[in-house]
Amino acid sequence: MKLSIVRTTMKFRIRPFSMVLLFPILMLCTARNGEAEDTLGGHIGFVLPLVTHAGGQTTNLADNFGIGFPVGITVKGSGRLAFDLEFVPFIQDSPRKTTVTVHPGLLYGIGHGFTVGTRLAFDVDSSQFGFTPLLNKSWPIGKSSAGEKSNGGFFKAYFVEAVLPVRFNRPTGGPSTNPVTFGLHFGVGF
């Protein structure tokens, strides 16, 4: 007789506990799907430093060839502002070296495919740091005959970007050169 009383008591205790667990599950199953405010994208491309002024000397791409390969991840909210984190491996001819720049920044869409922004610049394993103002123009890839954007492919747009990297070079025991460069960045966005 004592055993049946325990079973009856346990049934009573389990039922309210199961309702507490079942209620949130039912609420999640019946909730409407919401749309995310943020979108995730990115870009890849190459950048050419066309003219550089550093340490009182001006050089161009033909004097000292260099090329960078920016790769970026972009988080865009519902407005015009976006956060972009870019990594730029850069190969220079003379002196022969390879560097990497970590390039976080804020971008603001001003309409008609134009974007302005500024990035901070941290050259890895270097005495250089600075910032990079930019102006970007993009064109959608795959417009339909009605002029609407097609979302069929992986790449969504191609772009050209004018960049003006300003760096503060403070090497230990050496002269400060503080290079300023004008360059063009070409790429595709996804």
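The values are calculated or read from the model by the stated rules, or taken from the named source; none is laboratory data. These numbers come from a predicted model, not from an experiment. Cβ: placed from backbone, ideal geometry, glycine included. Neighbour counts: every protein chain shown.
Do we find a residue being acidic (Asp, Glu), assigned to a strand (DSSP E or B), under 24 Å from the mean Cα position of the chain (by Cα) and at pLDDT 60 or above anywhere in the range 32-42? Within the range 32-42, none of the residues are acidic (Asp, Glu), assigned to a strand (DSSP E or B), under 24 Å from the mean Cα position of the chain (by Cα) and at pLDDT 60 or above.
Counting only strands (runs of 3 or more DSSP E) that sit wholly inside the range 55-106, those with at least 1 residues that are of a type in the set (Gly, Ala, Ser) and touching a Lys or Arg at 6+ places or on another chain (Cβ under 8 Å) are 81-92. Number of residues in the range 50-76 that are under 10 Å from the mean Cα position of the chain (by Cα) and of a type in the set (D, E, K, R) equals 1. Of all residues in the range 80-93, those satisfying the criterion of being of a type outside the set (Val, Ile, Thr), more than 8 Å from the chain's Cα centre (by Cα) and either crowded, with 17+ Cβ neighbours inside 10 Å or closer than 13 Å to Thr115 by Cα (or both) are Arg80, Leu81, Ala82, Phe90. Number of residues in the range 39-70 that are surrounded by 15 or more Cβ atoms within 10 Å (Cβ to Cβ), touching a Pro at 6+ places or on another chain (Cβ under 8 Å) and closer than 15 Å to Val102 by Cα: the value is 3. Scanning the range 126-133 for any residue that is of a type in the set (Ser, Thr, Tyr) and modelled with pLDDT of 95 or more turns up at least one such residue.
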